[in-house]
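Let me begin by presenting the structure, written as C-alpha cells, before commenting on it.
Taken together, the values in this text are just the output of simple stated rules run on the coordinates, not laboratory data. Source: prediction; values computed, not measured. Cβ placement follows ideal geometry from the backbone for every residue including glycine, while neighbour counts extend to all protein chains displayed.
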Amino acid sequence: MSRDIIISAIIGFVIVATGCSGGGQASVSGKVTLGGAPLATGTLNFAPNGSGTPTGASVKDGVYKIPAKPGIAPGSYKVTCNSFAQPSEEEMAAMMAGKGGNVSLADAIPASWNANGITVEIKKGKNSFDVDIPAQ
C-alpha cells in the first residue's frame with residue numbers, strides 16, 4: 001500500500017470517528033410540569049444508560065431545550081430533575097457578610113421521582129419529550 005493511501009485512510013477514520021462520537025447529532029425540547037403546573041426554574045439531567053456524556057438542560061417557565069449544537073448524542077437516557085429554592089435577599093446578604101447560618105436549599109422535586117426518573121430514547125434529529133412530575 002502506498003503511504004498516501006494509508007494517510008488518507010487514517011484521516012478518513014479520524015473524521016468519521018470524531019463526527020460520530022460527539023454531541024450535536026440531536027436536539028431535544030419539551031415542557032416540564034410539577035403537580036400539573038409549569039416548573040418555574042430547574043435543571044433536567046440526561047444520564048446515558050451505558051457509556052456517554054451526561055447532558056443537562058435549564059428549565060424556565062416550564063420549558064427546556066437542548067439545541068442541535070452542542071446537542072445530545074442519540075441513545076437511551078435516564079432523566080431526572082432538580083429545582084432548588086433560591087435564598088431570599090436577606091439570607092444572601094447575611095451569608096455574604098459572614099453572619100448567616102446554613103441556608104437550606106430544598107429540592108422541590110420529590111426524591112422518590114428522581115430515584116426512578118424516566119427513560120427516554122433520543123433519536124438523531126429533533127426530539128420532543130414532556131416531563132410530568134407529580135407533586136410531593
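Overview of values
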| read-out | value |
| --- | --- |
| Gain upon complete extension [A85, T53; 0.36 nm per residue less C-alpha separation] | 8.8 nm |
| Two-site label geometry, Q136 and K69: point separation in nm, points 7 Å out along Cα→Cβ | 4.2 |
| Linear extension gain, D61 paired with T119, 0.36 nm per residue minus alpha-carbon span | 18.6 nm |
| Within region 25-63, backbone nitrogen closer than 19 Å to the virtual label 7 Å beyond the Cα of K78 toward Cβ | 43-57 |
| Within straight-line cross-link reach of K78, aspartates and glutamates at Cα separation under 16 Å, skipping those fewer than 8 residues along the same chain | E121, D130, D132 |
| Two-site label geometry, T33 and S128: point separation in nm, points 7 Å out along Cα→Cβ | 1.5 |
